[in-house]
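S.K.: After the structure tokens below, expect a handful of questions from me.
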Amino acid sequence: MAKPVFWQAAWAVAYKDLQIELRTRYALNAMALFAVTTAVMVSFRLGPLGLSRDPRSAATLAVLLWIAIFFAAMNGLSRTFVREEEAHTATLLRLNVPALAVYLGKLGVNLLILALLETLVTLLFIGLLNVTIANVGLFLVTLSLGGLALAGATTILATLVAKADGKGSLFTILAFPLVLPLLIIAVETTELALSGGTWAAAGSGLQLLAAYTIAEHVAALWLFERVWEA
Amino acid sequence: MNRTDAALQLSWQALAKTYSTRPVYDQLAGELHRGEVLAVRGPNGAGKSTFLRLLCGLERPTAGTIAYQWQGQTYNPNTMRPWIGFVGPDVALYRELSALEHLQFLAKARGLAADQAYWRELLAQVGLAGREHERVAHFSSGMALRLKYAIALLAKPPILLLDEPTAMFDEHGRQLVAQLVEQQRQHGLTVLATNDERDAAWADLVLTVGAAARG
């Protein structure tokens, strides 16, 4: 069976964005810098390098992990569409690529970058804070679902924000209420994973996270063309 | 003008465009057939570029309709877009990509065959032979415009929309566009938005816009 043109177009957009990102390293550098700075800063107070050896709870570590991921992601992923609008290359895309293929291509790149970011942040936390993950499977599933939801939220928000003035601040303001429920659930489930909670205990949290992710992606697919072509 | 092949027709009826409360034009009507060239003329701000953006669906009219009849089917500007080649100052290129990478990306995005030989031939046709691997960041404005022509022609589109087609070109570039417009007569139609008398001379029909704005 021939490969549908739609997926080929989405892949073309993703490949093009990766080519440009690897040449400019704008998002990668901004996100890596934020992630490393946060992890090192936190380690000085709570980690083995720290002056204080205050008791560390799984809850604190889970919150800090997701703070690092969230703010680093906000720092870089909004560039997906803002760069296209600012450089006026969005018209070239509108003329040549189906709207949905643009969305899926950019979502794919954001997912990849976020996966790299989550890996980096996790390794930094393990290395600098001596974090031990009691339930590795649960931790990975939470990171994956949380990342999927976060990438979806940032991609569709970036589309909205790219059309508006005051792009930088607007992105964070819009992102906050949309991703807050996701972060609360992700923090709770991560805390369980770190402290050795069972799959059964995390069941409702994972279900909520999965439902949130699905609802958000369906809404984004429905909204995208209207916003992109507006 | 040869109208024996009526398989391609562009028509616009009762077309109006208003920005906020400012009318750009109202009740525009007309049609264009295969082999014809239309020049849209008018003062600055009269809506020449807007007319082209309406024709490819980048903007929506306030009122009226635009329709393409092609191979027995009717298309609106959005559904016709894959068969439209557009050149204009609104379309920017990726500074980080080379000329060849642009064609590679857009060919894949449009579902066209990966044909390096054709892409190189196209770049040579627009005067970019030997510059295939150079990034657009190093291009002059004239070279960037040449690449925009290569992109517009990539899918051999039956519709060519050219906004300020020679604005960045020297005499050699102008000849290139004249040649392309002439070639396009064989298999499609062309709409130019221009105030340059020499560009307008290529046209069979002229649409003057701006009357509504002037009241």
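Any read-out appearing in this document is the output of simple, stated calculations on the displayed coordinates, not a laboratory observation. Quantities reported herein were computed from a predicted structural model and do not represent experimental measurements. Cβ sites come from the backbone with ideal geometry, for glycine too, and all protein chains shown count toward neighbours.
S.K.: Given the pairs A:Lys106/B:Lys17; A:Lys163/B:Lys148; A:Lys163/B:Lys108; A:Lys163/B:Lys17; B:Lys48/B:Lys148, which span a C-alpha to C-alpha distance of over 30 angstrom in this model?
M.R.: A:Lys106/B:Lys17
S.K.: Here's another thing I want to ask about it. What percent of all Cα-Cα pairs in chain A falls into each 5 Å bin, going from 0 up to the bin containing the maximum distance?
M.R.: Values per bin, smallest distances first: 1, 7, 14, 18, 18, 15, 12, 8, 5, 2, 1, 0, 0.
S.K.: Counting only residues 5 or more places away or on other chains, whose amide H sits under 5 Å from the amide H of A:Gly196 once H atoms are built in the peptide plane?
M.R.: A:Ala134, A:Asn135
S.K.: When all C-alpha to C-alpha distances in region A:99-192 are sorted into bins of 5 Å, what percent of pairs does each bin hold, rounded to whole numbers?
M.R.: Result returned by the calculation: 2, 13, 19, 22, 19, 12, 8, 4, 1, 0.
S.K.: Right, another one. Of the trypsin sites (Lys or Arg not before Pro) in region B:1-109, which ones lie in a loop per DSSP and count no more than 14 other C-beta atoms within 10 Å?
M.R.: Of the trypsin sites (Lys or Arg not before Pro), the ones in loops of region B:1-109 whose Cβ has at most 14 other Cβ atoms within 10 Å are B:Arg3.
S.K.: For B:Met143, what charge total do you get from the other residues with a beta carbon under 13 Å from its beta carbon, if Lys and Arg give +1 and Asp and Glu give -1?
M.R.: +2
S.K.: Let me ask you something else. What's the average, rounded to a whole number, of partner chain beta-carbon atoms within 10 Å of each residue's beta-carbon in A:136-142?
M.R.: The per-residue average across the peptide is 0.
S.K.: Something else now. Would you mind ranking B:Asp26, B:Asp115 so that the residue whose beta carbon has the fewest other beta carbons within 10 Å leads the list?
M.R.: B:Asp115, B:Asp26
S.K.: Something else about it: Count the DSSP beta bridges whose two residues both fall in chain B, then state the antiparallel fraction as a percent rounded to the nearest 5.
M.R.: The antiparallel fraction comes to roughly 55 percent.
S.K.: Rounded to two decimals, what ratio of Rg to Rh does chain B give with C-alpha atoms and a Kirkwood Rh?
M.R.: 0.96
S.K.: Right, something else. Using modelled amide H (1.01 Å from N, peptide plane; none on Pro or chain starts), what sits under 5 Å from the amide H of B:Tyr25, excluding residues fewer than 5 places away?
M.R.: Those qualifying (amide H under 5 Å, at least 5 residues apart or on another chain) are B:Lys17.
S.K.: Just how many % of Cα pairs in region B:39-124 lie over 20 Å apart, if you round to the nearest whole percent?
M.R.: 51 percent
S.K.: So, one more: Once phi is turned into ³J(HN,Hα) by the Karplus curve 6.51 cos²θ - 1.76 cosθ + 1.60 with θ = phi - 60°, what whole-Hz value does each residue of region A:97-109 show in order, with x for glycine and proline?
M.R.: 10, x, 3, 5, 5, 4, 4, 5, x, 6, 4, x, 5
S.K.: When you have a sec, figure out the Kirkwood radius of the protein assembly as shown from all distinct Cα pair distances and drop it here in Å to one decimal?
M.R.: Every distinct Cα pair counted, the radius reaches 24.4 Å.
S.K.: Enumerate the aspartates and glutamates that B:Lys156 could reach by cross-link, defined here as Cα to Cα under 16 Å, with residues fewer than 8 away along the same chain left out.
M.R.: B:Asp115, B:Glu121, B:Glu182
S.K.: What is the set of long-range amide H partners of B:Val40 at a cut-off below 5 Å, with H atoms built 1.01 Å from backbone N?
M.R.: B:Leu192, B:Ala193, B:Thr194, B:Leu207
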